[in-house]
């Protein structure tokens with residue numbers, strides 16, 4: 001190929017380019033249509049975001065509707081915090097269901113349970129804002145903006161709980177839009193696009209990645225990273241897991257991340273360790289990907305490394321110190337002293353405190369329950385809900401500031417035994433039983 005010759009265009013890229021050009025053309029036509037209508041009707045309120053939302057909700061024209069959706073999304077993104085909250089308030093009140101209409105339709109269906117009356121009732125039960133969100137999603141790139149919108153909404157919820165119905169509607173839409181069937185699992189390596197690697201650094205929420213050198217270290221020599229992607233966010237991961245192959249079950253995070261131990265022989269690598277799982281978008285909170293991710297990564301790693309027979313995590317315990325803090329008086333625990341003691345792992349003075357903390361941690365993970373009789377700790381809730389068992393608790397396993405602050409340096413191994421995952425899952429949700437090892441049982445006794 002000569003220096004001036006151009007490589008052939010990839011078929012998918014050509015198709016995407018053509019689609020983008022078509023959308024742009026349709027949007028431009030739609031803008032012209034909207035401009036003519038607004039000038040003819042002299043609607044002063046047409047520039048207002050809420051007026052545009054109501055117009056979009058009842059709009060029927062395809063080209064002009066697409067252009068209007070683009071305007072709505074652009075106007076939303078231009079809102080400052082104060083006006084953003086007002087917009088959410090309007091979604092909660094002006095685009096809500098009408099109870100009287102629902103009751104009337106339900107009475108009609110009760111009197112005559114016909115398909116027509118059921119259809120009318122079904123439409124009235126769905127809040128108009130749901131239809132609005134669907135129409136907003138017609139705009140190019142709108143899915144990502146709507147995910148960010150819910151992330152912003154979640155920050156307002158603690159002070160404004162009446163906005164919860166708006167959050168619920170968005171979450172239900174996302175459960176459908178981000179269905180497992182749409183997700184693509186990718187192996188992230190040093191040759192992945194720079195935009196993806198930058199986001200991995202940005203989104204890592206368990207063990208912070210200290211720049212490009214640290215990232216490269218986590219992507220080589222028996223280290224892997226897998227992520228789920230969605231077609232609407234092609235270079236923006238939804239959730240990712242960092243994986244290490246080790247000889248035996250690890251009991252501390254530093255050797256995994258810093259690689260301070262001598263590298264094991266490949267023939268000795270018998271354990272697959274999930275040491276960091278990061279959800280990338282707060283707006284997708286409550287939309288579960290991690291359980292699918294773990295199970296599919298187990299399958300993928302098994303193909304690449306068939307000699308590795310044990311699958312475990314090395315997990316944080318983010319709620320432990322918060323729980324301890326509430327129990328300090330009755331448990332006679334000095335968290336400051338515990339954290340200081342954890343730093344001198346081998347000192348004899350640490351032994352009594354060490355046994356006490358391991359027992360308290362076992363109690364917290366196994367006996368302390370939250371909503372639905374599920375484990376109180378969020379990470380425990382995730383892994384136990386996936387069918388893992390509580391395998392081991394380790395003292396002085398994470399001596400970073402974050403690790404000491406949230407769990408006094410303790411970490412946990414959850415074991416994914418492929419032969420008992422489904423049985424553990426059913427027992428956890430049906431009977432509230434948590435599968436534990438003998439080692440953990442000793443802490444409890």
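The values are calculated or read from the model by the stated rules, or taken from the named source; none is laboratory data. Remember, it's a predicted structure, so these values are computed and weren't measured experimentally. Here the Cβ is made from the backbone with ideal geometry for all residues, glycine too, and neighbour counts use every protein chain on show.
Test residue 196 against the criterion of being in the same structural domain as residue 283 (by TED's automatic domain parsing), under 27 Å from residue 401 (Cα atoms), in contact (Cβ under 8 Å) with a residue 24 or more places away in the chain and surrounded by 13 or more Cβ atoms within 10 Å (Cβ to Cβ), and give yes or no. Here the answer is no, as residue 196 does not meet what is asked.
Does residue 97 count as in contact with a helix residue (DSSP H, G or I) (Cβ under 9 Å, 6 or more places away or on another chain), in a loop (DSSP other than H, G, I, E, B), in contact (Cβ under 8 Å) with a residue 24 or more places away in the chain and surrounded by 13 or more Cβ atoms within 10 Å (Cβ to Cβ)? So residue 97 fits the description; yes. For segment 286-380, the helices (runs of 4 or more DSSP H) that sit wholly inside it and include 2 or more residues that are under 15 Å from residue 404 (Cα atoms) and modelled with pLDDT under 95 are 320-331, 335-342, 350-367. Determine, yes or no, whether residue 411 is touching a residue at least 60 places away in the same chain (Cβ under 8 Å) and on the phi < 0 side of the Ramachandran plot. So residue 411 fits the description; yes. Step by step: first the residues of segment 253-275, then only those that are part of a loop (DSSP other than H, G, I, E, B) and surrounded by fewer than 16 Cβ atoms within 10 Å (Cβ to Cβ), then the one that is modelled with the highest pLDDT. Which residue is that? So the residue we want is 265. For segment 142-152, the count of residues that are in the same structural domain as residue 68 (by TED's automatic domain parsing) and either under 16 Å from residue 54 (Cα atoms) or in contact with a strand residue (DSSP E or B) (Cβ under 6 Å, 6 or more places away or on another chain) (or both) is nonzero. Report yes if some residue within segment 268-284 is more than 22 Å from residue 200 (Cα to Cα), free of Cβ contacts under 8 Å to residues at least 40 places away in the same chain, touching a strand residue (DSSP E or B) at 6+ places or on another chain (Cβ under 8 Å) and not assigned by TED's automatic domain parsing to the domain that holds residue 404; otherwise report no. Within segment 268-284, none of the residues are more than 22 Å from residue 200 (Cα to Cα), free of Cβ contacts under 8 Å to residues at least 40 places away in the same chain, touching a strand residue (DSSP E or B) at 6+ places or on another chain (Cβ under 8 Å) and not assigned by TED's automatic domain parsing to the domain that holds residue 404. In segment 409-423, is there at least one residue being within 24 Å of the chain's Cα centre (by Cα), under 18 Å from residue 383 (Cα atoms) and in a helix (DSSP H, G or I)? So far as segment 409-423 goes, yes, one or more of its residues are within 24 Å of the chain's Cα centre (by Cα), under 18 Å from residue 383 (Cα atoms) and in a helix (DSSP H, G or I). The set of residues from segment 199-234 being within 20 Å of residue 179 (Cβ to Cβ) and either touching a residue at least 40 places away in the same chain (Cβ under 8 Å) or not assigned by TED's automatic domain parsing to the domain that holds residue 304 (or both) comprises 226, 227, 228, 229, 230, 231, 232, 233. Return the residues of segment 58-68 that are surrounded by 15 or more Cβ atoms within 10 Å (Cβ to Cβ) and in a helix (DSSP H, G or I); say none if nothing qualifies. Matches in segment 58-68: 63, 64, 65, 66, 67, 68. Among the residues of this structure, residue 396 counts as one that is closer than 28 Å to residue 209 by Cβ and in a loop (DSSP other than H, G, I, E, B).
Every listed requirement among (1) within 23 Å of residue 340 (Cβ to Cβ); (2) modelled with pLDDT under 95; (3) buried (at least 18 other Cβ atoms within 10 Å of the Cβ) is met by residue 412 save one, (2).
Out of the residues in segment 150-172 that are closer than 19 Å to residue 231 by Cα and out of contact with any helix residue (DSSP H, G or I) (no Cβ under 6 Å at 6 or more places or on another chain), which is surrounded by the most Cβ atoms within 10 Å (Cβ to Cβ)? Of everything passing the filter in segment 150-172, 171 is surrounded by the most Cβ atoms within 10 Å (Cβ to Cβ).
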